[in-house]
1. Rounded to the nearest 0.05, what FRET efficiency is calculated for Val217 and Glu73 with R0 set to 45 Å and r the Cβ-Cβ distance?
2. Send over the Kirkwood Rh of region 123-257, from the inverse of the averaged 1/r over different Cα pairs, rounded to one decimal Å.
3. For region 102-176, which GluC sites (Glu not before Pro) are both in a DSSP coil and crowded by at most 12 other Cβ atoms within 10 Å?
4. What is the sum of charges around Leu260, taking Lys and Arg as +1, Asp and Glu as -1, for the other residues whose C-beta is under 12 Å from the C-beta of Leu260?
5. Can you tell me the order of 21-29, 132-140, 272-280 when each peptide is scored by its average per-residue count of other Cβ atoms within 10 angstrom, highest first?
6. Among the listed pairs Lys2/Lys34; Lys61/Lys115; Lys61/Lys101, which have their C-alpha atoms separated by more than 19 angstrom in this model?
7. Taking only Cα atoms of region 113-159, what ratio of Rg to Rh do you get with Rh as the Kirkwood inverse-distance radius?
8. Taking only Cα atoms of region 190-283, what ratio of Rg to Rh do you get with Rh as the Kirkwood inverse-distance radius?
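The values are calculated or read from the model by the stated rules, or taken from the named source; none is laboratory data. These numbers were taken from a predicted model, which means no experiment stands behind them. Cβ: placed from backbone, ideal geometry, glycine included. Neighbour counts: every protein chain shown. Note: areas computed on protein heavy atoms with side chains; ligands, DNA, RNA excluded. Shrake-Rupley method; radii C 1.70, N 1.55, O 1.52, S 1.80 Å.
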Amino acid sequence: MKVIGFGDNVADVYLHTRTRYPGGNSVNFAVFAKQLGVPSAYLGAFGNDVIAEFIQEELTKIGIDLSHCIQLEGENGFAQVNLVEGDRVFVGGNGGGISTKTPPILNTADLEYLKSFSLIHSGCYAHVESELPKLRQLDALVAFDFSEESEFRTDNYLQKVCPFIDFALFSGGSLTRSEIETLVNRVNGHGVNHILITRGSQGPLFFSLGELYRGTVEFVQPVDTMGAGDSFLTAFLIHLVQFGWTKTHAPTTEAIESGLQVAASFSARACLVDGAFGHGQRY
């Protein structure tokens, strides 16, 4: 089993400590998978500045395969962050830079490379919607993070993404139960049968083939909640695949229930380090 994050990379620049950390949904997925003992890779675009160099160096140290990444002329993405009582607060940045605004266009060699992976993860900040149809020819499962913004929940956007993915994640801490059910029904209508709604301390909800599963939360005193959702998602997805989920075999009830518990524990531990997964650099 191998997994890959396809899409965005950024540096999370902490103003209060003058420290930057590697990040981005797709990068976080790859790194958390590696922490769980699964060979992993990242496929995306880097700029050619000091932030791009820093992220590549740290990912290489961790053992993430970057062999199909591209490097472009321009400023890498970064987000400026302050920390308030353990919670991250984004206060600025460069809008993702070239590392999210100019995603790779998958070529024949890339698609041949992707055939060796069991699971591909991307998200709404990566701007790879036009590339998703190419992934449908692969055996790999495709997961996609829709985050929390309303612009990524319109029928127009869902139609661009949902027909080409197997698993959808939404951040739904601010949604009512009725709003969650409406969203899930809409996403089902666009062709996705496995939908995870994270809700912070309220605990996640997972909808699979018409069944609802309720997850729990392991409460800790957080050092930093950056990457908490990504760590939960990664652990849950990998558990499902390890216990038999494929495009032709749905995840079992036992795999789902145990996966939600495993993911809660892994996510709690991720909140005990600075940044999404550490590897900070003073600037």
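1. About 0.55, to the nearest 0.05.
2. Averaging 1/r across every pair of different Cα atoms and inverting gives 15.4 Å.
3. Glu149
4. -2
5. Final packing ranking: 21-29, 272-280, 132-140.
6. Lys61/Lys115; Lys61/Lys101
7. Rg/Rh for region 113-159 comes to 1.00.
8. My calculation puts Rg/Rh at 1.03.
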